[in-house]
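The values are calculated or read from the model by the stated rules, or taken from the named source; none is laboratory data. Just so you know, these numbers come straight off a predicted model, no measurement behind them. We place every Cβ from the backbone using ideal geometry, glycine too, and count neighbours over all the protein chains shown. To get the accessible areas, we keep the full protein, side chains included, count just its heavy atoms, and leave off ligands, DNA and RNA. Shrake-Rupley method; radii C 1.70, N 1.55, O 1.52, S 1.80 Å.
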Amino acid sequence: MAIENTIEILGKDDRIINNYFWKSENKASNLAIFFPGFRYPTEAPLFHFLKLHLIKNNFDVFAIEYRYNEIPNFLNLSANEQDDYLYKEIKIIKKVLETLSDYSKYCFISKSLGTTILYNMVKENLQIFKKKNSQCIWLTPFEKNKEIIELLAAEEINSIYIIGKDDRGYHPDLNNQISDKNYVKILEISNAGHLLEDQENVLQTIANNKQAVKFCIDNLIA
């Protein structure tokens, strides 16, 4: 059984960054950290079902709910100002994560905007993320998709990479750069958009999400 906690995180201009920390009553050996999407919170399907599996398999789960889509001050900024806002909060979140250093294995699970946040952390801390006890899961990257693939092609970072073939961020020529890397497990899902949705078939959407969750479970850090 997991007990829900929280950590006080003050972001830019001292705003409270919401988070949830599900900790096992019996101390878990491993930690999973969730970086949600812009409008894809941690109770959305991929994260919700992965959370249930992880908690049952010796993981604590820490989910960061930055919710930029609900912050008027952020939405009213220019693109460059939003990047600056985001980067400053990434540095704050990184300092919090550095305090969670007493686990044997770490799994960083990101979706869409969350992949951009994770990319920035990995890029600046390569030696940490290249360790064998660390794994990154990249769910439907978009803005930094090209940079993420180039990073994975150049650096041995244990990863799972999942994208829908109908996602605007999907570029098969890019994916070819990492298709031969044995440290990257790749899943490309047909009839799946950015939310792994099939707009014409809700049952296919459910199947797509099931396929993604199973692929993550099957390839989780050993």
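Some points to look at:
- Note on region 123-150: residues that are open to solvent by 10 Å² or more (accessible area, probe 1.4 Å), in contact with a Phe, Trp or Tyr (Cβ under 7 Å, 6 or more places away or on another chain) and outside any loop (DSSP other than H, G, I, E, B) amount to 1.
- T99 meets the conditions (1) surrounded by 14 or more Cβ atoms within 10 Å (Cβ to Cβ); (2) of a type in the set (S, T, N, Q); (3) more than 15 Å from the chain's Cα centre (by Cα) in every case but one. The failed one is (1).
Okay, residues lined up against (1) buried (at least 18 other Cβ atoms within 10 Å of the Cβ); (2) part of a strand (DSSP E or B); (3) in contact with a Ser or Thr (Cβ under 6 Å, 6 or more places away or on another chain):
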{"position": "I163", "(1), (2), (3)": "yes, yes, yes"}
{"position": "N191", "(1), (2), (3)": "no, no, no"}
{"position": "I206", "(1), (2), (3)": "no, no, no"}
{"position": "L220", "(1), (2), (3)": "yes, no, no"}
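- Members of region 10-41 found to be open to solvent by less than 50 Å² (accessible area, probe 1.4 Å), among the hydrophobic types (A, V, I, L, M, F, W, C) and under 18 Å from N69 (Cα atoms), listed by number: I17, F34, F35
- Near pairs, Cβ below 7 angstrom, 6+ apart or cross-chain, from region 127-151 (free of Cβ contacts under 8 Å to residues at least 24 places away in the same chain) to any residue that is surrounded by fewer than 20 Cβ atoms within 10 Å (Cβ to Cβ): I128/S134
- Residue, most open to solvent (accessible area, probe 1.4 Å), within region 172-189, restricted to residues that are assigned to a loop (DSSP other than H, G, I, E, B) and in contact with a strand residue (DSSP E or B) (Cβ under 9 Å, 6 or more places away or on another chain): S179
- Every residue from region 103-127 that is farther than 16 Å from F142 by Cβ and of a type in the set (D, E, K, R): K105, K123, E124
- Within region 139-177, being under 14 Å from the mean Cα position of the chain (by Cα) and among the basic types (K, R) holds for one residue alone: K144.
- Flag for I117 being in contact (Cβ under 8 Å) with a residue 60 or more places away in the chain, touching a helix residue (DSSP H, G or I) at 6+ places or on another chain (Cβ under 7 Å), outside any loop (DSSP other than H, G, I, E, B) and more than 20 Å from I55 (Cα to Cα): yes
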